Amino acid sequence: MLLAVGHCDGDSTRTISVHYRGSALEPYRRVLEIGQDTAEAPLGGAALLDVDGDGEHEMELRGMCGAGPNCEGSIYRLNRDRADMFLFFSGGYARLAYIDGHLVESGRSSCCSWEHHVFRPHSAFEPVEESEMEYRVIVGMSIRADADDDTTCTFLDRQGRIVLPQSQDLLQLCEIYGADYVLAQPDALPR
């Protein structure tokens with residue numbers, strides 16, 4: 001896969017194109033071309049990366065950034081027949097990762113907290129929908145000197161209830177400020 005980014009002086013549009021070939025014997029063919037407004041995303045651009053670790057590259061388009069590490073981002077993947085690319089995921093994040101089959105969008109939410117959105121995509125060949133979010137994970141560090149516990153990690157389900165994650169691998173999201181944290185526990189069920 002090849003990525004080309006073009007910008008002519010005086011032009012307000014950055015052109016991003018991705019070219020793909022199935023084997024070394026085939027010629028490259030364009031599978032995606034996007035224009036990006038440089039006034040809206042002066043530091044934007046694109047990169048090829050393997051988000052899910054399956055050996056197939058995706059294209060990440062980065063957009064406008066805020067004051068912190070969070071920037072707009074869109075992930076484009078090859079479709080089944082590898083004839084073109086489609087928008088697989090779009091959001092605002094500092095980083096993306098795959099953990100135990102979950103796509104995790106992570107961003108700083110304040111000076112002392114991070115929020116992770118944990119999605120379980122139902123297909124590698126369809127866009128990730130908001131309804132596929134299994135957890136919202138809030139990791140906050142106390143800045144009070146008299147606080148007993150410095151970092152709290154809370155997993156919330158779609159209804160906003162505190163839950164424990166089905167996958168123990170997701171607990172690594174709690175370690176953004178280190179391995180010493182308190183995991184919020186669900187309320188006891190009524191008897």
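The values are calculated or read from the model by the stated rules, or taken from the named source; none is laboratory data. Keep in mind that what you see is a predicted model, and the values were worked out from it rather than measured. FYI the Cβ positions are ideal-geometry reconstructions off the backbone, even for glycines, and counts take in every protein chain you see. Keep in mind that these areas ignore ligands, DNA and RNA; they rest on the heavy atoms of the full protein, side chains included. Shrake-Rupley method; radii C 1.70, N 1.55, O 1.52, S 1.80 Å.
Quick one: Debye curve from the alpha-carbon atoms of the range 95-190 only, equal weights, vacuum; give me log10 I(q)/I(0) at q = 0.11, 0.25 Å⁻¹ to two decimals.
Taking Cα atoms of the range 95-190 as identical point scatterers yields -0.34, -1.39.
Go through 125-131, 136-142 and give me the packing order, highest mean Cβ count within 10 Å leading.
136-142, 125-131
Stretch Asp11-Ala47 to full length: gain in nm at 0.36 nm per residue minus the Cα-Cα span?
10.9 nm
Treating each Cα of the range 28-173 as an identical point scatterer and ignoring solvent, apply the Debye formula and state log10 I(q)/I(0) at q = 0.10, 0.16, 0.19 Å⁻¹.
Calculated log10 I(q)/I(0) at the listed q: -0.41, -0.94, -1.21.
I'd like the accessible area for His122, computed on protein heavy atoms only with a 1.4 Å probe and all protein chains in place. Round to 10 Å², please.
120 Å²
Which of Cys174, Cys71, Cys111 ends up with the largest GNM mean-square fluctuation for the chain, with Cα atoms connected below 10 Å?
For the chain, modelled as a Gaussian network with Cα springs under 10 Å, the answer is Cys111.
Using the Karplus curve 6.51 cos²θ - 1.76 cosθ + 1.60 with θ = phi - 60°, what ³J(HN,Hα) values do you get for each residue of the range 86-102, in whole Hz, with x for Gly and Pro?
Residue by residue, the range 86-102 yields 10, 6, 8, 8, 9, x, x, 7, 8, 7, 10, 8, 10, 10, 6, x, 9 Hz.
Ignoring ligands, DNA and RNA, what accessible area per residue does the range 95-190 give at 1.4 Å, in Å²?
Heavy-atom SASA per residue in the range 95-190 reads 59 Å².
Considering only the chain, what is the antiparallel percent among its DSSP beta bridges, to the nearest 5? Spell out each step's value before the answer.
Working: 58 of 60 bridges.
Antiparallel bridges make up about 95 percent of those DSSP assigns within the chain.
Kindly write out, for the range 173-180 in residue order, the coupling ³J(HN,Hα) from the Karplus curve 6.51 cos²θ - 1.76 cosθ + 1.60 (θ = phi - 60°), rounded to whole Hz, with x marking Gly and Pro.
Values per residue, Gly and Pro as x: 5, 6, 9, 5, 9, x, 7, 8 Hz.
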